[in-house]
Amino acid sequence: MTTTAPAALEGLRVLDLSGPMGNYCGKLFAELGADVILVEPPDGTPLRHEPPFAGDVPGPDSGLAFAYANTGKRSVVLDLDRAEGARTLRDLARTADLVIETERPGVAAARGLAWADLSEGNPALVMTSITPFGQDGPYGQDEADDLVLLALGGLLALGGYRDGPPVRAAGDQAMAMGGLFGAVASMLALTSAELTGAGQHVDVSVQECVVLALENAVQFYDLEGTVRGRGSGVGDRAGAGVFACADGEIYILAGGIGGNRFWPNLVDWLESEDVPEAAALRGDRWGEREFVTGDEAKGIFNRVFGPFAARRTKAELYAAAQRRRVPLCPVSTAADIVDNRQLAHRGFFVENTGLGTLMPGAPYLLSETPWRTNGRAPRLGEHTEQVLSEIGRPGVSA
């Protein structure tokens, strides 16, 4: 007889009051087995109204971002600006372990729904606030979208071409960072609450989450005295960078610091393929930082390797580089990722049952308490009556 293994967070109840800055945090709990209740205003969480939409048809239940970030949750509609809605939320909080919210600092307190208010009836409650800049400070009351947070967190300065303006990475990367760190911090607080019986307020600044992504910029300065800047499309040294090939691009890292030990393998490979001028890549100077970072070395390497790569496919170059122990990899497109053999082997992509599309699963496997999708994203207010009946308030207009 086949039994379903228990989920890691089974028995945990989460109230997700958040919008785009926190819905992903709630999703991480839902797909590890927690009962996550998405508390939405009458017109729905803002993510419901963000494109793209399935079939290019706008609607509260067809947004792809919403459908991904809210799988496995239950939806309850409450107007928290009304006394009845706030009162119902306080009743729900007595049954919860965690509340996630993303309102501007001070809004929850004005509604009587701050952590101090909610924890009166539930001392072990954890409340996580994910906001652009945290709960205090000179920016505390400011609003920000993903682009602003990447800019004020410093990461935007590193994206783009050397002689061009900053370029934002695709997707809401800052928002995702806030959701991820929010989930980690929430689990730490929940563990403490379980051990001590005392909950706490978790204050997450998305700006600070973005700043953490700059950690190797500090290392570059510490080790090389280099202040990192934008460098897309331009290799900083010979033997490293993105090169065009027959069906896209590849990235190679076979020269400079960290790559010197692979340089002989690369030269042997090119000479075995009778690449013109491959012998010009031999000599002690190719191990000297001052030379390989200069225009002469980069020009020679590009002239030798560029035409060689351009005549071969990503798969051909990758397979040959693996045999030769040369660090080279394809630059994967979205289509390549969907067809990737490694991701397929691990079952990374799963079906979003609400829209009949694929979506990323979890990047980890738990042997005894597995991650799983727990159903589609909810329709607006789909579970209001069900959830309110669980706290003895059926039929309440909130």
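Once the other residues with Cβ under 12 Å from the Cβ of D91 are scored (Lys, Arg +1; Asp, Glu -1), what is the net sum?
Working: positive: R87, R90, R94, R393; negative: E84, E390.
Taking every other residue near D91 into account, the sum is +2.
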field: Accessible surface, 1.4 Å probe, highest first, among residues W286, W115
entry: W115, W286
- request: Distance between Cα centroids, region 114-173 to region 312-340: provide it in whole Å.
  value: 35
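Heavy atoms only, probe 1.4 angstrom, no DNA, RNA or ligands counted: give me R312, R323, R104 ranked by accessible area, highest first.
Highest to lowest solvent-accessible surface, that is R323, R104, R312.
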task: Please give the per residue accessible area of region 259-300, computed with a probe of 1.4 Å over protein heavy atoms only, in Å².
output: 55
statement: For T102, T88, the accessible-area ranking with a 1.4 Å probe, largest leading, is T102, T88
- prompt: Which of the trypsin sites (Lys or Arg not before Pro) found in region 17-113 are in a DSSP loop and have at most 14 neighbouring Cβ atoms, other than their own, within 10 Å?
  reply: R82, R94
message: Ignoring everything except DSSP H segments at least 4 long, calculate the 222 nm mean residue ellipticity for the chain; use -39,500 (n - 2.57) per segment, divide by total residues, nearest 500.
response: -9500 deg cm²/dmol
message: How much of the DSSP bridge set in the chain is antiparallel, in percent, rounded to the nearest 5?
response: 40
query: Counting only heavy atoms of protein chains, what accessible area per residue, in Å², does region 1-127 have with a probe of 1.4 Å?
result: 39
- prompt: In whole percent, how big is the carbon plus sulfur part of the accessible area of the chain, probe 1.4 Å, protein atoms only?
  reply: 54
task: Give the cross-link partners of K73 among the lysines, using a straight C-alpha distance below 25 Å as the criterion and excluding same-chain residues fewer than 8 apart.
output: K27
- prompt: If R0 is 35 Å, what FRET efficiency do you get for D163 and V338 from their C-beta distance, rounded to 0.05?
  reply: 0.55
- request: Sum up the charges of everything whose Cβ sits under 15 Å from the Cβ of F220, counting Lys and Arg as +1 and Asp and Glu as -1, but leave F220 out.
  value: 0
- line: Counting sequence-distant residues (5 or more places) and residues on other chains, those with an amide H built under 5 Å from that of V202 are M127, T128, S129
query: In the calculated pair distance distribution of region 159-244, what percentage of Cα-Cα distances lie above 21 Å?
result: 53
field: In Å², nearest 10: area of E224 left accessible to a 1.4 Å probe
entry: 70
task: Mind telling me which of D81, D91, D222 comes out most flexible in a GNM of the chain, alpha-carbon contacts under 10 Å?
output: D222
message: Taking every DSSP beta bridge with both residues inside region 99-250, roughly what % is antiparallel (nearest 5)?
response: 25
query: Along region 314-319, what does the Karplus equation 6.51 cos²θ - 1.76 cosθ + 1.60 (θ = phi - 60°) give for ³J(HN,Hα), rounded to whole Hz, x for Gly and Pro?
result: 4, 5, 5, 5, 5, 4
query: Non-local amide H neighbours of G381 (under 5 Å, H modeled in plane, Pro and chain starts lacking H): which ones?
result: V76, V77
Loop-resident sites, region 57-165, for GluC sites (Glu not before Pro), counting at most 14 other Cβ within 10 Å (DSSP): E143
query: For R230, what is the net charge nearby, where nearby means another residue's Cβ is under 13 Å from its Cβ and Lys, Arg count +1, Asp, Glu -1?
result: +1
- request: Round to the nearest 0.05 the FRET efficiency obtained for D136 and H345 when R0 = 41 Å and r is the Cβ-Cβ distance.
  value: 0.30
message: Charges at C-beta only: +1 for Lys and Arg, -1 for Asp and Glu. How large is the resulting dipole of region 300-398 about its Cα centre, in Debye rounded to 20?
response: 880
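The values are calculated or read from the model by the stated rules, or taken from the named source; none is laboratory data. Source: prediction; values computed, not measured. Heads up, the Cβs are rebuilt from the backbone with ideal geometry, glycines too, and the neighbour counts pull from every protein chain shown. Each accessible area value is taken on the protein alone, full model and side chains, heavy atoms only, with ligands, DNA and RNA left out. Shrake-Rupley method; radii C 1.70, N 1.55, O 1.52, S 1.80 Å.
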